[in-house]
Amino acid sequence: MCYGKLSWFMKAGFCYFDTAYGYNDGESEKAAKAARVDRYPREKFFLATKLPAWAGAKSKEEAEQMFYTSLERTGAGYFDFYLLHNLGEERSHFFDDYGIWDFLQERKKEGLIRHLGFSMHDKAEVLDEILTAHPEMEFVQLQINYADWEDPSIESRKCYEVARKHGKPVIIMEPVKGGTLANPPKEVSEVFAAADPAASPSSWAIRFAASLEGVITVLSGMSNVEQMEDNISYMKEFKPLNSEEQSVVEKARDIFNSFPKVPCTACAYCMKGCPKNIAIYGTFQAVNIYNMYNDLAGAKGKYEWNTSGHGWGKASECIKCGKCEQVCPQHIHIRDELEKAAEVLEK
């Protein structure tokens with residue numbers, strides 16, 4: 001986004017900017033300095049960044065240094081919103097091991113952090129455990145969109161409800177699901193067009209997220225000026241979805257749910273006895289992205305993250321022992337589905 005357009009964005013009343021220590025190998029934080037910190041009074045915008053203690057830190061000192069590196073890169077002086085980055089799964093223990101919770105509380109007392117929270121991609125049960133253990137956290141950043149609202153592998157609704165149960169406001173990420181909801185299947189586009197021909201598919205997705213109670217902001221993930229113009233057109237004078245519009249979104253969700261997909265609930269029973277440590281439910285999550293959104297690139301990206309990104313085996317490594325199928329409560333023909341997945345995702 002060019003500087004002139006950034007000025008237009010801020011004049012329209014928008015002032016929250018999100019980055020992270022690891023985005024684009026640190027270049028994102030440097031860009032925040034050049035585009036915002038060096039050009040605008042500090043009180044005119046909110047800057048958020050994140051600390052990924054699990055990403056390469058070999059010691060408490062290295063993890064703590066991530067905070068100071070972000071402070072130096074951005075030149076911000078302080079962070080309005082600071083997050084422990086991407087808790088859940090095997091990543092959470094790094095923040096405990098390195099004492100990051102207490103470390104960041106001390107930085108908050110020093111005035112280097114205004115509001116402290118965390119982001120998470122995991123199940124509602126895990127979120128509940130984290131918020132119970134750390135009630136001092138002021139907010140949580142969650143993946144929420146209408147397509148994932150009832151998805152058993154993501155649990156958008158359940159995670160949102162857990163956050164609200166603990167009295168925590170929410171920052172919403174992935175409202176357009178990485179861009180897939182900006183260009184949904186023809187059947188879904190037709191539903192939205194029939195309800196409002198002038199409204200973009202993205203507007204329905206973002207307004208759904210922004211209509212929830214207790215939301216601090218919605219991170220739309222804009223990547224060009226046209227998307228920014230579209231966002232401003234309906235968010236500057238924001239109106240929550242009314243009951244009729246909510247029904248339209250529900251209809252769109254029903255269409256997504258009608259597409260053929262592997263009926264995996266991500267219980268992971270199948271993976272506990274797998275001799276090849278295959279990322280079974282992670283593979284099916286990627287397959288369903290392809291089936292529902294016809295997004296092969298997105299599906300392959302999710303597949304790599306769920307397999308190699310987590311140290312799990314790939315679908316093609318299945319030896320067809322059948323142990324997984326013996327414990328699957330959904331009675332999925334896992335061996336057949338893995339074979340089909342490998343043909344699509346590993347080419």
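Just so you know, all these numbers are worked out from the coordinates, no wet-lab data involved. The structure presented is a predicted model; accordingly, all values stated were derived computationally and were not measured. We place every Cβ from the backbone using ideal geometry, glycine too, and count neighbours over all the protein chains shown.
A compact table of results
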quantity: Per residue convex hull volume, Cα atoms of the range 68-181, in Å³; calculated: 113 Å³
quantity: Listed peptides 240-253, 73-86, 290-303 by packing density, highest first (mean Cβ within 10 Å); calculated: 73-86, 290-303, 240-253
quantity: Electrostatic dipole magnitude of the range 230-294 [Cβ: Lys, Arg +1; Asp, Glu -1; Cα centre; debye, to 20]; calculated: 440 debye
quantity: Dipole axis of the chain (+1 Lys, Arg; -1 Asp, Glu on Cβ), positive-most option in GLN105, GLY179, PHE46; calculated: PHE46
quantity: Long-range HN-HN contacts of ILE278 with modeled amide H, under 5 Å; calculated: GLY313
quantity: Per-residue ³J(HN,Hα) for the range 269-280, Karplus 6.51 cos²θ - 1.76 cosθ + 1.60, θ = phi - 60°, Hz, x for Gly and Pro; calculated: 4, 5, 7, 5, x, 6, x, 10, 6, 7, 6, 5
quantity: Extension reserve of the GLU90-GLU237 stretch, reckoned as 0.36 nm per residue once the Cα distance is removed; calculated: 48.8 nm
quantity: Cut-off 11 Å (backbone N to label point 7 Å along Cα→Cβ of HIS310), residues of the range 33-60; calculated: none
quantity: Point-charge dipole on Cβ atoms (K/R +1, D/E -1) for the chain, about Cα centre, debye to 20; calculated: 380 debye
quantity: Dipole magnitude of the range 23-160 about its Cα centre (Cβ charges: Lys, Arg +1; Asp, Glu -1), debye to nearest 20; calculated: 780 debye
quantity: Three semi-axes of the equivalent ellipsoid, the range 269-345, Cα gyration tensor, whole Å, largest first; calculated: 20, 13, 10
quantity: The range 229-304 - Rg over Rh from alpha carbon coordinates, Kirkwood radius; calculated: 1.16
quantity: Sorted peptide list for 30-42, 202-214, criterion being average Cβ within 10 angstrom, highest first; calculated: 202-214, 30-42
quantity: Protection proxy ranking of 89-100, 258-269, 49-60 - average other beta-carbon atoms within 10 Å, highest first; calculated: 49-60, 89-100, 258-269
quantity: In sequence order, calculated HN-Hα J values of the range 333-338 (Karplus, 6.51, -1.76, 1.60; Hz; x Gly/Pro); calculated: 7, 4, 4, 5, 5, 5
quantity: Average projected area [Cα convex hull, the range 163-321], square nanometres; calculated: 11.5 nm²
quantity: Spin-label model distance (nm) - VAL225 vs GLU325, 7 Å beyond Cα toward Cβ; calculated: 5.7 nm
quantity: Phi to ³J(HN,Hα) by Karplus 6.51 cos²θ - 1.76 cosθ + 1.60 over the range 22-29, Hz, x for Gly, Pro; calculated: x, 5, 6, 6, x, 5, 5, 5
quantity: Helix-only CD estimate at 222 nm, as mean residue ellipticity for the chain, using -39500 (n - 2.57) per DSSP H run (n ≥ 4); calculated: -13500 deg cm²/dmol
quantity: Violating pairs (Cα-Cα greater than 19 angstrom) within the set LYS186/LYS251; LYS44/LYS236; LYS276/LYS320; LYS272/LYS320; LYS158/LYS314; calculated: LYS158/LYS314
quantity: Cα coordinate range in the range 1-70, projected on the principal axes (Å, largest first); calculated: 43, 22, 17
quantity: ARG42 paired with GLU190, simple spin-label distance in nm, labels 7 Å along Cα-to-beta-carbon; calculated: 5.6 nm
quantity: The chain: proportion of alpha-carbon pairs further apart than 33 angstrom, %; calculated: 33 percent
quantity: SER247-SER153 FRET efficiency (beta carbon distance; Förster radius 30 Å; 0.05 resolution); calculated: 0.75
quantity: Of LYS58/LYS177; LYS123/LYS340; LYS50/LYS177, pairs whose Cα-Cα distance is over 22 Å; calculated: LYS58/LYS177; LYS123/LYS340
quantity: Separation between Cα centres of the range 69-114 and the range 250-303, rounded to whole Å; calculated: 32 Å
quantity: Under 5 Å, built H, 5+ apart or other chain: amide partners of VAL215; calculated: VAL170
